[in-house]
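> Right, I'll just put the structure down here and ask away after.
The values are calculated or read from the model by the stated rules, or taken from the named source; none is laboratory data. Keep in mind that this is a model prediction, so the values were computed, not measured. Note: ideal-geometry Cβ built from the backbone for every residue, glycine included; neighbour counts use all protein chains shown. Remember, those area values only see protein heavy atoms, side chains included, never the ligands or the DNA or RNA. Shrake-Rupley method; radii C 1.70, N 1.55, O 1.52, S 1.80 Å.
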Protein chains: 2
Amino acid sequence: MDADAKKTTLRMIPYGLYVLTAVGKDGRMTAATINWVTQASFVPPLVAVGVKTDSHSHAVIDESREFILNVIAKGDNAVAFSFFKPATVDGDRIGGELFAPGAVVKAPVLEKAPAHVECRVVDAVKRGDHTLFVAEVVEASVKTPPSGRADEAICWLKDLGDKVYYGG
Amino acid sequence: MDADAKKTTLRMIPYGLYVLTAVGKDGRMTAATINWVTQASFVPPLVAVGVKTDSHSHAVIDESREFILNVIAKGDNAVAFSFFKPATVDGDRIGGELFAPGAVVKAPVLEKAPAHVECRVVDAVKRGDHTLFVAEVVEASVKTPPSGRADEAICWLKDLGDKVYYGG
């Protein structure tokens, strides 16, 4: 296989950006920017998210079996960059961003997220350097209804810069 | 859970468009436009694709355990619409589009696809109205190198029209 062709083709997959949050059994919180997300079923509503196996988020979700997917708003590039690095919690802020607890799932909901879904893991595919967590959406909330198409209201990976990719 | 909030939030996930092709053991081919695709690992290179359980593609891939993901080029909306309906094979055309066989995987490569990946299924998550096939990329080819960002070279779901969604 031509490695460049593989890289180029996989980089053609467009992505949105999300802050994935979770809370471990010991109460430690985690939050990380991710982009490998797709819906996986209408009924029941399932999503699949790819999480790096050696990340803090992975350890927490593998244990808690639940997470919240916070949509990053178009234009909120700073939020995406904030959660590329390990997030620290300080009072009602995580990674510098205000949060409140989820309604059903024990994880932070970012104040700035225009929408979020709360999810319970039903399957985990562990085959590579990322685990694909397949999870049922059990709660959802829209704080800022999109004015046009819903997928125009989210920050796209390509919005972060011409050379920014996570894939390939 | 508020059904509208769930629908709106899930529709915020942006997608590219692909023609998923496969060949059954009896030689029957299948080709269908899909959009639920994400990378799932760098090493080994894995992708995950959501395929409707009652579709012809699902029956074929469930049996053959391999498929090709043909990228639909930006502007090629007609190709996307062609493969929303069941595709018929006529000589060297499927759904009216010229094809050639894959290099490693027994499935059609669309002449018009700017790039494609050939994949072997390693896992199938069967939890809802779609199966999530997790597959290793075993071959890749780029016919038309992107002039700018790779994810600008693909037709996006939103390019098909203001009201066109597959998700929610």
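> Do you know which residues across the stretch A:101-119 are touching a residue at least 24 places away in the same chain (Cβ under 8 Å) and more than 10 Å from chain B (Cβ to nearest Cβ)?
The answer is A:102, A:105, A:106, A:107, A:108, A:109, A:110, A:112, A:119.
> Against the condition more than 10 Å from every other protein chain (Cβ to nearest Cβ) and either assigned to a loop (DSSP other than H, G, I, E, B) or modelled with pLDDT under 95 (or both), how does residue B:75 come out, does it pass?
Against the criterion (more than 10 Å from every other protein chain (Cβ to nearest Cβ) and either assigned to a loop (DSSP other than H, G, I, E, B) or modelled with pLDDT under 95 (or both)), residue B:75 qualifies.
> Among the residues of the stretch A:64-81, count how many are open to solvent by 30 Å² or more (accessible area, probe 1.4 Å) and out of contact with any Phe, Trp or Tyr (no Cβ under 8 Å at 6 or more places or on another chain). Break it down into steps so the answer makes sense when it comes.
Within the stretch A:64-81, the subset open to solvent by 30 Å² or more (accessible area, probe 1.4 Å) is A:65-66, A:74-78, A:81.
Restricting the remaining residues to those that are out of contact with any Phe, Trp or Tyr (no Cβ under 8 Å at 6 or more places or on another chain) gives A:65-66, A:75-78, A:81.
So the count comes out to 7.
> Mind listing just one residue for me: the one in the stretch B:82-104 that is open to solvent by less than 80 Å² (accessible area, probe 1.4 Å) and not aliphatic (A, V, I, L, M) and, of those, farthest from the chain's Cα centre (by Cα)?
Of everything passing the filter in the stretch B:82-104, B:91 is farthest from the chain's Cα centre (by Cα).
Yes or no, residue by residue, for (1) at positive phi; (2) in contact (Cβ under 8 Å) with a residue 40 or more places away in the chain; (3) hydroxyl-bearing (Ser, Thr, Tyr); (4) in a strand (DSSP E or B):
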{"residue": "B:7", "(1), (2), (3), (4)": "no, yes, no, no"}
{"residue": "B:21", "(1), (2), (3), (4)": "no, yes, yes, yes"}
{"residue": "B:26", "(1), (2), (3), (4)": "no, no, no, no"}
{"residue": "B:32", "(1), (2), (3), (4)": "no, yes, no, yes"}
{"residue": "B:40", "(1), (2), (3), (4)": "no, yes, no, yes"}
{"residue": "B:43", "(1), (2), (3), (4)": "no, no, no, no"}
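> If a residue must be surrounded by 21 or more Cβ atoms within 10 Å (Cβ to Cβ), more than 16 Å from the chain's Cα centre (by Cα) and not basic (Lys, Arg), how many such residues does the stretch B:9-36 contain?
4
> Please enumerate the residues belonging to the stretch A:120-163 that are assigned to a loop (DSSP other than H, G, I, E, B), closer than 17 Å to residue A:19 by Cα and more than 7 Å from chain B (Cβ to nearest Cβ).
A:143, A:144, A:155 - these are the residues of the stretch A:120-163 that are assigned to a loop (DSSP other than H, G, I, E, B), closer than 17 Å to residue A:19 by Cα and more than 7 Å from chain B (Cβ to nearest Cβ).
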